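Step one of this worksheet: look at the structure below.
The values are calculated or read from the model by the stated rules, or taken from the named source; none is laboratory data. The structure displayed is predicted, hence computed values, not measured ones. Glycine also receives a Cβ, built like all others from the backbone with ideal geometry; neighbour counts cover every protein chain displayed. Side chains included, ligands, DNA and RNA excluded: accessible areas come from the protein's heavy atoms. Shrake-Rupley method; radii C 1.70, N 1.55, O 1.52, S 1.80 Å.
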Amino acid sequence: MNFKSRIYLTTIALFIGVLASGQSHSEKNFEISTFLENLNKEDFSGVILVAHKDKIIQKRAYGYSSIEFKIKNTTETKFNIASITKMFTAVATLQLYEQGKLKLNTPIGNYLPDYPNKLVRDSVTIHQLLTHTSGLHNFYVADRDQMKNSAYRKISDFVPLFVKDTLLFTPGTNYAYSGTGFVILGLIIEKVSGENYYDYVKNHIFKSAGMPNTTELAVDSIVENKASGYTSMFGESKTLKKNDYHLTKTSPAGFHYSTAKDLFNFSKALRNFQLLNEETTRLMFKPKVKGYNTYIGYGIDVDQRYNQTILSHSGGWYGIHTELMDFMNDHYTVVILSNIDDDGKTRAARVANFFKKLLADKKLEE
């Protein structure tokens, strides 16, 4: 075989390879479109956005933002995103680390010298707060009976709920998901930056990433195009109830309101090093400890159980199930925002599992 023949055959082989790859993505996109077209308001209430290589290929709304008034969700509806907020707090913390204003392995007392709990002040580090290895409780669950849902205006207003809590274990020796730790990170952000936490994330994350519809809200706020939340008590009740009683104002641990497009913009800005430099972004994404199911980076899940890594964070609470997932090999981003909770297999969970099965070959239970 002469040189020209080899070049010709190599070119043909490369072309066929590219074509096959394109067909593979086309087939996946067709399956996604078919699934979304067959989804109805009985199966799911909320918004689903799918992007491939940072271009939106699907954005669809289902069900009602207000069941009692029969107001439909739209692709621009604002949803409570629950714990996805923790990603914003983690990015804010790492921005200050990047600027040399704080160190990750330093006790929090270096930044909050007046924090009332001496054991926590002297023994818990920022690294441990970011990785849920501090031993602190999750006050949203542990102290829920003491919470007054309209009583919190400032980040410091949350502190009396948990400041006297004992540690679950010696910091750094175990994993326990902790909303408390992220509220403390919010206090540190305020102290180190000199800005109110809510203003900091708006000025340094939301504006930078193109997130005009993402904001903190008090429980009694009246906001146009905001979804009400409805709880099935996580699948235990067939009768839905409003979730207002279970909410508080946004904290650094949860409950920002956002849209699917805003969260996609956040994902894109984060992965493309627009919020943190490349070194710090990779530090955030690096798996550090084993969580309940996945490995944990800094304020992000690093799911390595399937045929590709999924960088993600979910938000689950009464009347809320949200997912932000980046499939790192195939470059798909999936945003799922629902204003109805579920039992882990139906509604938003079923939607999330569809994408994990299709894109990452997750084996589903029959």
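Details
- Subset of region 157-189 (residues that are farther than 16 Å from I296 by Cβ, part of a loop (DSSP other than H, G, I, E, B) and either within 22 Å of the chain's Cα centre (by Cα) or of a type in the set (D, E, K, R) (or both)): K164, D165
- So S237, is it without any contact (Cβ under 8 Å) to a residue 40 or more places away in the chain, within 28 Å of N293 (Cβ to Cβ) and either touching a Phe, Trp or Tyr at 6+ places or on another chain (Cβ under 6 Å) or not acidic (D, E) (or both): yes
- In this structure, K154 does satisfy being within 24 Å of the chain's Cα centre (by Cα), of a type in the set (K, R) and either within 13 Å of T248 (Cβ to Cβ) or at pLDDT below 95 (or both).
- Members of region 50-82 found to be more than 22 Å from L359 (Cβ to Cβ) and open to solvent by less than 20 Å² (accessible area, probe 1.4 Å), listed by number: G63, S65, S66, N73, T77, F79, N80, A82
- Enumerated helices (runs of 4 or more DSSP H) restricted to region 194-299, each holding at least 1 residues that are under 21 Å from S150 (Cα atoms): 197-201
- Test: residue in region 260-268 that is among the aromatic types (F, W, Y) and in contact with a Phe, Trp or Tyr (Cβ under 9 Å, 6 or more places away or on another chain): yes
- Enumeration of residues in region 315-366 that are part of a strand (DSSP E or B), open to solvent by 10 Å² or more (accessible area, probe 1.4 Å) and more than 18 Å from T75 (Cβ to Cβ): G316, W317, D326
- The numbered conditions (1) open to solvent by less than 20 Å² (accessible area, probe 1.4 Å); (2) of a type outside the set (S, T, N, Q); (3) over 22 Å from the mean Cα position of the chain (by Cα) are all true for L129 except (3).
- Among the candidates A349, A360, the residue that is within 19 Å of K41 (Cβ to Cβ), out of contact with any Leu (no Cβ under 9 Å at 6 or more places or on another chain) and among the aliphatic types (A, V, I, L, M) is uniquely A349.
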